[in-house]
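*Asks:* Following this message is one structure expressed as structure tokens.
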Amino acid sequence: MKYIYAALTGIALTTPSFAQNITAEAGLSTLGLYAAPVYDMNENIDIRVPLYFGSQNYKSTEGGTTIDGKIISESVGVMLDYYPSGSGFRISGGLTAAGYNFDASTASLEFDGTTYTSDFDLNIKQDNNIVPVIALG
């Protein structure tokens, strides 16, 4: 969350002349829902500061095993967008900070016809807080 607050503060402190070229966009990506201020440098290059957020509950039953889980995504990025034709398709590169977290639990697991009963918990986190991003869109 501290990365998101830092990005919002930076956006709020921009000068009026800089702000004339700022627009906003929102959407859905593989990183989750996002909202982003966009600084239009010229016809072919933009700089975006996307704020990604979202969570999704997950439930799956397979072979007598039910797994409950939750995926959480919270991050902020700084992206440089290049539009080869001036609009539409873009090639993006940059960095994101924060990341993903996945928690899951089940009371039993079944392997090869044998059921194991206990409290099984799984937690998967993104190891690095700052990661590079390359995207097409």
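The values are calculated or read from the model by the stated rules, or taken from the named source; none is laboratory data. Small disclaimer: the values here were computed from a predicted structure and weren't measured. Note: ideal-geometry Cβ built from the backbone for every residue, glycine included; neighbour counts use all protein chains shown.
*Asks:* Ile134 - would you say it is of a type in the set (Val, Ile, Thr), in a strand (DSSP E or B) and at pLDDT 90 or above?
*Replies:* When the stated conditions are applied, Ile134 passes them.
*Asks:* Test Ala107 against the stated conditions and say whether it is surrounded by 11 or more Cβ atoms within 10 Å (Cβ to Cβ) and touching a helix residue (DSSP H, G or I) at 6+ places or on another chain (Cβ under 7 Å). If you could, list the steps in order and put the result at the bottom.
*Replies:* Numbers: surrounded by 11 or more Cβ atoms within 10 Å (Cβ to Cβ): yes; touching a helix residue (DSSP H, G or I) at 6+ places or on another chain (Cβ under 7 Å): no.
The answer is no for Ala107.
*Asks:* Right, next: Please work out which residue is nearest to Asp68 (Cα to Cα), limiting yourself to region 126-137 and to residues that are surrounded by 11 or more Cβ atoms within 10 Å (Cβ to Cβ) and free of Cβ contacts under 8 Å to residues at least 40 places away in the same chain.
*Replies:* Only one residue tops the list, namely Gln126.
*Asks:* Whether any residue in region 56-77 is under 13 Å from the mean Cα position of the chain (by Cα), loosely packed, with under 13 Cβ neighbours inside 10 Å and assigned to a strand (DSSP E or B) is what I want to check. Talk me through it step by step, then tell me what you get.
*Replies:* Restricting attention to region 56-77, the residues satisfying the condition of being under 13 Å from the mean Cα position of the chain (by Cα) are 56, 71-77.
Remaining after also requiring loosely packed, with under 13 Cβ neighbours inside 10 Å: 56.
After this cut, where a residue has to be assigned to a strand (DSSP E or B) as well, the list is 56.
The answer is yes; a qualifying residue exists.
*Asks:* Only one residue in Phe102, Phe89 is outside any loop (DSSP other than H, G, I, E, B) and either without any contact (Cβ under 8 Å) to a residue 24 or more places away in the chain or touching a Gly at 6+ places or on another chain (Cβ under 9 Å) (or both). Which one?
*Replies:* So the residue among Phe102, Phe89 that is outside any loop (DSSP other than H, G, I, E, B) and either without any contact (Cβ under 8 Å) to a residue 24 or more places away in the chain or touching a Gly at 6+ places or on another chain (Cβ under 9 Å) (or both) is Phe102.
*Asks:* Also: Quick check on my filter: what residues within region 28-55 are assigned to a strand (DSSP E or B), out of contact with any helix residue (DSSP H, G or I) (no Cβ under 8 Å at 6 or more places or on another chain), at negative phi and not aromatic (Phe, Trp, Tyr)?
*Replies:* Correct list: Leu28, Ser29, Leu33, Ala35, Ala36, Val38, Asp40, Ile45, Asp46, Ile47, Arg48, Ser55.
*Asks:* Something else: Of the conditions (1) at pLDDT below 60; (2) in contact with a Gly (Cβ under 6 Å, 6 or more places away or on another chain), Glu43 clears all except one; give me its number.
*Replies:* Condition (1) is where Glu43 drops out.
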